[in-house]
Structures are given as structure tokens and as C-alpha cells.
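Q: Quick one: the structure is below, and I'll ask about it shortly.
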Amino acid sequence: MTGGSRGLDLVAVVLVVLATVGIGTYGLRLARTTSDFLVASRSVTPLWNASAIGGEYLSAASFLGVAGLVLAYGADALWYPVGFVAGYLVLLLLVAAPLRRSGAYTVPDFAELRLGSRSVRRLASLLVVGIGWLYLVPQLQGAGLALRATTGAPVWAGAVVVAVVVTVNVAGGGMRSATFVQAFQYWLKLTAITVPAVVLLVAWHGDGRPDLAAAAPPVFPDRTTVQLDETVRVLVEQPVDVVLDGRATVLDRGPHRLERGSTAVFPAGARVPHVEGLAATSGDAWARPLSGAGGAEHPLYATYALVLATFLGTMGLPHVLVRFYANPDGAAARRTTLGVLALLGAFYLVPTVYGALGRLYAPEVLVTGRTDAVVLALPTAVLGGGPLSAALEALLVAGAFAAFLSTSSGLLVSTAGVLVQDVLGGSVADFRRATLLAVAVPLGLALPAVDLPVAQTVGLAFAVAASTFCPLLVLGIWWRGLTAAGAAAGLVVGGTASTCATVVTLVGAEGDGWTAALLAQPAAWTVPLAFAVMVGASVATRSRVPADVGRTMLRLHAPEPLVLSPPG
Amino acid sequence: MSTTDTRSSTSAGGGETFAQVQASDEFQGLKRTLRRFVFPATVLFLAWYLLYVLLTAYARGFMADKVVGEVNVAYVFGLLQFVSTFAIAYVYSQYADRHFDPTADAIRHRLEGTVTTTPHTPTTTTTTTAPPTIDLTSKTETRA
């Protein structure tokens, strides 16, 4: 779409890939045993580890998705980044230290240790793999969309590039290399998103600071060409003169179908037709929280559900917990968390800038509904081409690919780790096979395009994690009465409810009104449901509380030096 | 799998000592201190976010007021959520450094005395290797 800088964008992608593989290979020399592969030795300093956690955590959803949601849904979308960060606080307060002391690397390990049940362990493994896949799909999709938006390559190309690079890297180096790679990726991402934002803000200033929340819904700032890579249905609110595939025509008020492969040229000042399902919003409503901007259903409920999903879901994400084992002790784990909160907070200040400027300068993403593309589209839209915008776009592409690669590696390490422990044998060779399996499925799912913005898909992964692992971890750590049967019942009910809601939303069959709100943001009902079932079923089977619960609890809560031993 | 197995066998040998520690007033006190902080902190912090969301529902005009240039009250509050998250984590961290670690150290020293009289090696090994690691990181912390 942004023609002039294709070569530079490709160079940026290649450089990031080379750097990732290069640092990964450097770390390879250090990876020897299975335990090295799964958890790096505990010699990582807090700042290094915090950078690595930040690097791994900032995914396509953070780098591209948040800006897109801010553009489409306004102030309410700010809860995504706030929740992404605050989830670490809940993790720190309730889960991090006891889990570290337990010596369980993963939630399945924890389930078996605490409840002594192989079936709960297998259930947890299944959920880890499911959540890992659900989180990997939008990363690969984001890669496909980003590469297409900047270089015109087909969607599968970007997804395949990311899948291949992370597979080679993870299968070759494991987490030790991942720690180096991830720390590097954090600083690359922060630079890549901040530098262009500053330049764009300066340009906006020079442009006479046009009102970011103007009264009217978005209009095209200039004569704008929109390439339709997919067939879309748009809603036109004011008749608009448009050149469709070279023929001048008028789109009347009402719904219109724009065919895949066609090109529409809109005149400057015309109201932007919005893709079906996204309502045109006045600037005033856009800037106000809980206004239902973008046509969001029941914004107060949706916000609460999002807050619950992100706050409580972070602790259950496969790639998050395992990082805390790289800390030598509890004090270092706390320092690491503080570092993570600071680093993530600093990063998340920036995507909002892209969302706000995008509404003004690149509203054409509202036509296609691919609001994730706004970050990459802005340099050209604001600066109008030329070497500066080409350089900034290349920098953003580099940052976006860093995001896809780092999060995918982290997810892949964890998902493959669970697969190798619970499905295959446990040797280094099996870990490599498990890695292939762990990446093949989400790649297969990412190729047929799903219409949901990446941050929303990621939000659903959080909801599933919050509805399953949050009750398991919180009750398992803080309540002696949890039984294997209770945990299994809670995991099954919470997992089924949240997964069904996710699948219905992903295929776009969620309907409207309350049904849509409850299915698109399920956490507000699935989390309490899972907690209730887990507690209720445990109380009903209280004669089966594990006999050694006292010792397990001591191990979880005793001062660390008593139970600290090197990982086996 | 292998990881959990190794570890349960490690702790099995020290069962009696652990049971004594668990029964001790000091350990029970430590658990109480921890719970008394962790649960109210979690509840308060969740309440703070949920209340904030609710307030925005009833103070819409106020939320749309512009503070500086294009930045409205809602956005400033949004930023403050990051700050409050960090502040709570910082307070917890300080509290844990001041209240948990010294008690934990005291219990450890007491246990070290106990352990030398029992013929149990794994726990002794880990107890003696742990302190240098802690010293090392506390130096790193002051630099960071």
C-alpha cells in the first residue's frame, strides 16, 4: 500500500530476523540439558530478566492492536494496556512467590504437585496448549497482515516467515537463548514505536494541531486510495463520490459491498464509510469512556469483563509464569516485577498516540476494518511519502516483527515444553519435535483469515486463562480445601464456557445486544462461574483433600531458603 | 514429571524438621503477616479499578474535560492507572523486604541449628548455598 518503501521494509524484516537468529545462536552454546531448555539458569539479573519479560510480553496485540482499538473504540480501549500491565501485579501479589517455591515450572506441574492427580495435570496441559495456540494465531496473523500492508506480499508469507524463524530459534536454543533475544526485542520495540511517534507528533504540531476529537465522525483528510484485499461490506452514512476501479460512481446512503481486489478512491473531506459492525463515532463520544464508541455493546459490562480477563488472566498465560523461575530468589522476583511494570507502562504510553493520530490521518483502515494496520500506515499518511516516512515505516515494521517473533518464541517454548513433558518423552530431540507440532497447528489456523482485530483475539486468550488457571492457582495456593475433583470440575466448566464464547466470537456468530457483549467479553461471567464450581465441587468432595496438603502448603509458603534447591 | 519427582523426594527427608517449623509461632506469624497484607492489598487494588470504571460511567462530562491541549481527564486517569499499579507493587516490594525476609531469615537460622543435628543432607546443602545467591542479587538491586 505504501509503495515507495517496500525495499526498505523488507530490509528491516530481514535485519530483525537475522538479529533474532544471531543472538539465538549465540545463546545456543549455553543450552545443554533439558532443564536448560525449559528454564534458563537462575543467573539472570532483575533488569535483564524484566527486559526479557517485557520483550516476550509485548506482542502483536500491544504493538499494532492497541492503537487500532483506540482508533476504532476510543477511550475504552485504554483498558487493554492497563489490564495487560496490572495482570503482573495480581501475579506478584497472589501467585509468583509461592509458585516459585513450589518448584513447579508450569501450571500442569503445579496441579500435580498440589493435588497429586495425573488427570488434573493432563487437563491443565491441554489448556496450556489451547491457550498457547489461541495466543499464537493472532501473532502469525499480525505478521501476515503487516507484511502485506507494507510490501504487498500475500498474507501467508508473513505468517510462514515468523513460524519458521521462531521454530528454528526455539528448537535450537530453548529459553536460555530466548532470554537474550527477548531482552533485545524489548528495547528494539520501545525504540521502534517511540521514535516514529515523536516525529509524527511534531508533524501534527507543524500541521497546525488539527483537533484529534473533532465533533464529526472521521473524514478522509486527502484524496485517498483504498485497496481492498478482502471483500467487505461497508455502511455509507452520507452519499459519497468515489472512483471504483477507475469508474466514477456515487455510493448512496446504506450498505455497500466492495469486492476483493478492487480499488476505491475517495475524495478529500468525504465521510469515511465504516466496515459493517463498526459504527461511525463523533469525536466527542470517541474521547469519552463508556460512550459505546465504535458501536461497542454494553460498554460498562464489557469494560468490567475486560478488566477481569486481563488482570486475572496474565497469571495463567503459558509464557509468563515460567519467566519467574529465572529469578534467584523472592526479592529478585519482586525487583523483576517492578521492572516489568515500569517497562510495560513506558511502552503502552505510545500506542494511544497512533490511535488518535490514525483517526485523523489514516481513517481508511475503518473501511477495511483492518485497524491493526494503522500503526504501519501512519508515517506515509502524515508525512506523505519521502525518505523520512520510508525510514520510519521500516523502523515500525522492524518493531512489529520483533513483537511477532518474541511473543511467538515465548509461547512456543512453553507450549512445546508442556507437549514434550506430557505427550512425548522428554529428551532434547523430543523437544524439537514438540516445537514443530506446537507451531504447525496455529499456523494452520492463522492462514484462513479471521476478521477479529489481533488485540481482541489476544483478549480472548486472557479470558480463557482467567477462567481456568486463575481459580486453580489462587485456590491451590491459598485454600487447603481444594480437591482434585473440584479443580477438574472448575477447569472443565470454566474452560468449556470461555472456549465456546471464544469460538463463537472468532467465527463472528456472536449476534448483537447482550448476547454479543457476553460472548465477546466472557470473563465477567466465566471467571466467577469457574471459581464457584471449583469451590463447590471441592466442598462436595472434601473427604478427598490430599493427605499431604499440610506439607505442600508449607512448601508453598515457607521462607524460601528452606525449600530452595537447584532445578533438576 | 522428573522435576516434581526429584523435588518431592528432596523434601521427604526433611519432613520432621518441616513439620516443626510449620508448627512454630514464628512461621505461623509469618504466614499471618503475609496474608494480612496480600489479601487486603489485592481486594483494595481490584476495588480501586472497578470503582474507577464505575465513576467514569457517572462523570462523563468531567471525563471529557480537556486538561492540556487535546488531553482530556479520561486520558490522564488512564495514565494514572499505570502509576497506581506501579505504586502498589512498589509498596508491596518494600513491605516484603522489611517484614517477610527478616522473619524468614530468623526461621532459617533456627532451622540451620536444628538441621545440623539431623542426618539430612539435601536440605542442608540448599540452606548453605542459598545465602550467597541472595547477597549477590541484593548488590545488583542497588545498582538497578
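Q: Return the sequence-ordered ³J(HN,Hα) values of region A:292-298 in whole Hz as given by the Karplus equation 6.51 cos²θ - 1.76 cosθ + 1.60 applied to θ = phi - 60°, using x for Gly and Pro.
A: Coupling constants for region A:292-298: x, 4, x, x, 5, 7, 6 Hz.
Q: Right, another one. State, to one decimal in nm, how far the label point of B:PHE39 lies from the label point of A:ARG233, with both points 7 Å from Cα in the Cβ direction.
A: So the two model labels end up 5.2 nm from each other.
Q: Could you sort A:ASP245, A:ASP422 by accessible area so the largest value comes first, with the probe set to 1.4 Å?
A: On the way: A:ASP245 95, A:ASP422 40 Å².
These residues rank, largest area first, as A:ASP245, A:ASP422.
Q: From the square roots a ≥ b ≥ c of the eigenvalues of the alpha-carbon gyration tensor of region A:429-563, which class results: rounded (a/c under 1.5), prolate (a/b over b/c), or oblate? Present the calculation step by step, with values, prior to reporting the outcome.
A: Working: a/c = 2.65, a/b = 1.50, b/c = 1.76.
It is oblate, given that a/c is not under 1.5 and a/b is not larger than b/c.
Q: Taking the Cα-to-Cβ direction at A:ASP245 and at A:ALA216 and moving 7 Å from each Cα, how far apart do the two end points lie in nm?
A: If labels sit at A:ASP245 and A:ALA216, their model points lie 3.0 nm apart.
Q: With a 10 Å radius around each residue's Cβ, average the other Cβ atoms per peptide and rank A:111-118, A:512-519, highest first. Please list the in-between numbers first.
A: Working: A:111-118: 22.5, A:512-519: 15.1.
With the highest mean Cβ count within 10 Å placed first, the list reads A:111-118, A:512-519.
Q: Between A:TRP479 and A:GLU259, what length comes free when the chain is fully extended (0.36 nm per residue of separation minus the Cα-Cα distance, one decimal in nm)?
A: 73.5 nm
Q: Can I ask one more? Read phi for every residue in region A:402-409 and hand back ³J(HN,Hα) as whole Hz from Karplus 6.51 cos²θ - 1.76 cosθ + 1.60, θ = phi - 60°, with x for Gly and Pro.
A: Running phi through 6.51 cos²θ - 1.76 cosθ + 1.60 with θ = phi - 60° gives 4, 5, 4, 5, 5, 5, 4, 4 Hz.
Q: OK, next. Taking the simple approach of a point 7 Å from Cα along Cα-to-Cβ for both A:VAL14 and A:ARG209, what is their distance in nm?
A: Here the modelled spin labels are 4.4 nm apart.
Q: If each Cα of region A:224-271 is one equal point scatterer, what is log10 of I(q)/I(0) from the Debye formula at q = 0.15, 0.19, 0.28, 0.31 Å⁻¹?
A: Cα-only, vacuum Debye calculation for region A:224-271: -0.34, -0.55, -1.21, -1.36.
Q: Return the average number of partner chain Cβ atoms within 10 angstrom of each residue Cβ along peptide A:328-341.
A: Numbers: counts 7, 8, 6, 9, 7, 3, 11, 7, 2, 5, 7, 1, 2, 8.
The shielding value for this peptide is 6.
Q: To the nearest 20 Debye, how big is the dipole of region A:130-242 about its Cα centre, given +1 on the beta carbon of each Lys and Arg and -1 on that of each Asp and Glu?
A: On the way: 6 positive and 7 negative charges, 107 e Å.
Dipole about the Cα centre, nearest 20: 520 debye.
Q: Determine the dipole magnitude for region A:224-271: charges of +1 sit on the beta-carbon of Lys and Arg, -1 on that of Asp and Glu, nothing else is charged, the reference point is the Cα centre, and the result goes in debye to the nearest 20. Before the final figure, lay out the partial values.
A: On the way: 6 positive and 7 negative charges, 19 e Å.
For this selection, approximately 100 debye.
Q: Once region A:284-347 is represented by equal point scatterers at the alpha-carbon sites, with solvent omitted, what log10 I(q)/I(0) does the Debye formula produce at q = 0.12, 0.25, 0.26, 0.28 Å⁻¹?
A: Cα-only, vacuum Debye calculation for region A:284-347: -0.51, -1.07, -1.11, -1.16.
Q: Under a 5 Å amide H to amide H cut-off, with H placed in plane at 1.01 Å, what residues pair with A:GLU276 once short-range neighbours are removed?
A: Amide H neighbours of A:GLU276: A:ARG233, A:VAL234, A:LEU235.
Q: Here's a follow-up. Determine, for each peptide in A:69-79, B:42-52, A:206-216, the mean count of other beta carbons within 10 angstrom over its residues, then list the peptides with the highest first. Spell out each step's value before the answer.
A: Working: A:69-79: 27.8, B:42-52: 14.7, A:206-216: 12.1.
My ranking of the peptides, most packed first, is A:69-79, B:42-52, A:206-216.
Q: Among A:VAL504, A:GLN456, A:VAL539, whose Cα projects farthest towards the positive end of the dipole of region A:428-548, with charges put on the beta-carbon of Lys, Arg (+1) and Asp, Glu (-1)?
A: A:VAL539
Q: Still on this structure, please answer the following. Just how much of A:CYS500 is accessible, in Å², when a 1.4 Å probe is used and the result is rounded to the nearest 10?
A: Looks like 70 Å² after rounding.
Q: Just name one of A:THR249, A:VAL441, A:PRO471: the one whose Cα is farthest towards the positive end of the charge dipole of chain A (beta-carbon charges, Lys/Arg +1, Asp/Glu -1).
A: Working it through, the farthest residue towards the positive pole turns out to be A:PRO471.
Q: Can you tell which of A:LEU290, A:GLY277, A:THR263 lies farthest toward the positive end of the dipole of region A:260-335, using +1 and -1 charges on the Cβ of basic and acidic side chains (Lys, Arg; Asp, Glu)?
A: Value: A:THR263.
Q: I need the calculated FRET efficiency for the pair A:THR225 and B:SER24, taking r as the beta carbon distance and R₀ as 51 Å, to the nearest 0.05. Show your work: numbers first, answer last.
A: Details: r = 75 Å, r/R0 = 1.47.
Once the sixth-power term is evaluated, E becomes 0.10.
Q: Mind checking the dipole of chain A: about its Cα centre, +1 per Lys or Arg Cβ, -1 per Asp or Glu Cβ, Debye to the nearest 20?
A: Working: 34 positive and 30 negative charges, 389 e Å.
That gives a dipole near 1860 debye.
Q: Another one. When you look at the Cβ of every residue in B:28-38, what mean number of other chain Cβ atoms sits within 10 Å? Please report the intermediate quantities before stating the final value.
A: Details: counts 0, 0, 3, 4, 0, 0, 3, 2, 0, 1, 5.
Mean number of neighbouring Cβ atoms from other chains: 2.
The values are calculated or read from the model by the stated rules, or taken from the named source; none is laboratory data. All values reported here derive from a predicted model rather than from experimental measurement. No Cβ is skipped: glycine too gets one built from the backbone with ideal geometry, and neighbour counts run over all protein chains shown. For accessibility, only protein heavy atoms count, side chains too; no ligands or nucleic acids. Shrake-Rupley method; radii C 1.70, N 1.55, O 1.52, S 1.80 Å.
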